[in-house]
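Asks: Quick one: the structure is below, and I'll ask about it shortly.
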Amino acid sequence: MKIEHIRNKYKESIELYENLGKSLVDSIFILLKNNKIKVLSISYRVKEVNSFIEKIERKSYKNPLDDIEDICGIRIICYYKKDIDLINDILKKELDIHESSDKESSLKYDQFGYRSHHLIASIKKEWEKVPAFRNLSKLKTEIQIRTVLMHAWAEIEHSLAYKNEAQTPSQFRRKIHRISAKLEEAD
């Protein structure tokens, strides 16, 4: 497929992903409220066209509209680490989960860094009975669940070092990782 054709197909699908993000955020908020789980925020974003194209070029996807699973990204920021498992269990009951990964478990015993729980999910087919979810069951979303402190670290790392680690001096990277260790301990 030519890149312009992919760009145009993606632009046509953005409204569906916007509907998915907004409707899922509203529904997740209700699910958590009903289970008495307080969160700082639940938000979503749909990948911008240029970011979508850049990812295709960087990762050489053959069927990008099917293969890229984070076109719609949802982020749940909770207060306590114990709530991550509770939220995860609720979402596993309510959604179709295609993949689940705990980024913290991939860190070695002597490493500190990015911690978050990620799910690749889609709505169950029966959710399409509700008008807000019509024609959305084939779309996937990446859901990130993290605590406030995990989120603080992710934002610090992302803005300072993540995309440009080679240009960050090693003594500065060490300080960043010490901050990560302190945030993990506080969590």
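What follows is calculated from the coordinates using simple rules that are stated; it is not laboratory data. Note that the structure is a prediction, hence the values are computed from the model and not measured.
Asks: Residue separation times 0.36 nm, minus the C-alpha to C-alpha distance between residue 94 and residue 35: what's the value? Intermediate values should be presented prior to the final figure.
Replies: Working: separation 59, 0.36 × 59 = 21.24 nm, distance 1.29 nm.
Separation in residues times 0.36 nm, less the Cα-Cα distance, equals 20.0 nm.
Asks: Listed here are the pairs 9/140; 55/129; 62/138; 55/138; 9/125; which of them are more than 26 Å apart at the Cα?
Replies: Details: 9/140 16 Å; 55/129 33 Å; 62/138 18 Å; 55/138 21 Å; 9/125 23 Å.
Listed pairs above 26 Å: 55/129.
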